[in-house]
Amino acid sequence: MNRNVNILLAVTSVLALFLVTFSAISTASAGRAPVYLACSLFSALGFMLLNGLWMHSRGRRPRPLIDRAAPVTLILAMVFPLAVILSAALPLIAPAGDYGLMLIMAGVWTGLTLQSARAALKQG
């Protein structure tokens, strides 16, 4: 169960990142759309790479976010995709804003959930 729930959390986070990225790109000017796409992709992948290197240098291993022994972690982990999905409405409300930081934060959260799913798969 631990593995399946962490994978589901990662899939949900990736879909939420796609939603917020699409929302920001659809309201952006032509020059900002590639920047928004790069922000979301590189922040998720960059987090996984840099956090993995940092943890390896400290002799630590990533752990799954959702643990069967602590059921409250399931409720707390739902905050990540929920916050990203709710933030997808911001570009539609105020289309003239700059949403790069929002995409970077969503990418980092998605990277964290992807790293959690990878750790759950390695655990067995």
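The values are calculated or read from the model by the stated rules, or taken from the named source; none is laboratory data. Just so we're clear, the structure is a prediction, and the values are computed from it rather than from any experiment. Here the Cβ positions follow ideal geometry from the backbone for every residue, glycine too, while neighbour counts run over all protein chains shown. We work out accessible area using only protein heavy atoms, side chains counted, and drop any ligands, DNA or RNA first. Shrake-Rupley method; radii C 1.70, N 1.55, O 1.52, S 1.80 Å.
The set of residues from region 36-52 being open to solvent by less than 20 Å² (accessible area, probe 1.4 Å) and more than 14 Å from the chain's Cα centre (by Cα) comprises just one member, Y36. The single condition from (1) modelled with pLDDT of 90 or more; (2) surrounded by 13 or more Cβ atoms within 10 Å (Cβ to Cβ); (3) not charged (D, E, K, R) that L65 fails is (1). Scoring S26 on the criteria (1) of a type in the set (G, A, S); (2) open to solvent by 50 Å² or more (accessible area, probe 1.4 Å); (3) modelled with pLDDT under 90; (4) in contact with a helix residue (DSSP H, G or I) (Cβ under 9 Å, 6 or more places away or on another chain) leaves a single failure, condition (3).
Filter region 62-115 for residues that are among the aliphatic types (A, V, I, L, M), part of a helix (DSSP H, G or I), under 17 Å from N4 (Cα atoms) and over 13 Å from the mean Cα position of the chain (by Cα) and give the result. Full working, then the answer.
If we filter region 62-115 for residues that are among the aliphatic types (A, V, I, L, M), which is where we start, we get 65-66, 69-70, 72, 74-79, 82-86, 88-90, 92-94, 96, 101-106, 108, 112, 114.
Right, trim to part of a helix (DSSP H, G or I) and you get 72, 74-77, 79, 82-86, 90, 92-93, 101-106, 108, 112, 114.
Applying the additional criterion that residues be under 17 Å from N4 (Cα atoms) yields 72, 74-77, 112, 114.
Across region 62-115, the qualifying residues are V72, L74, I75, L76.
Within region 8-23, which residues are open to solvent by 90 Å² or more (accessible area, probe 1.4 Å) and closer than 17 Å to A117 by Cα? Please lay out each step first, then the result.
Filtering region 8-23 for residues open to solvent by 90 Å² or more (accessible area, probe 1.4 Å) gives 8, 15, 18, 22.
Of everything in region 8-23, those that are open to solvent by 90 Å² or more (accessible area, probe 1.4 Å) and closer than 17 Å to A117 by Cα turn out to be L8, L15.
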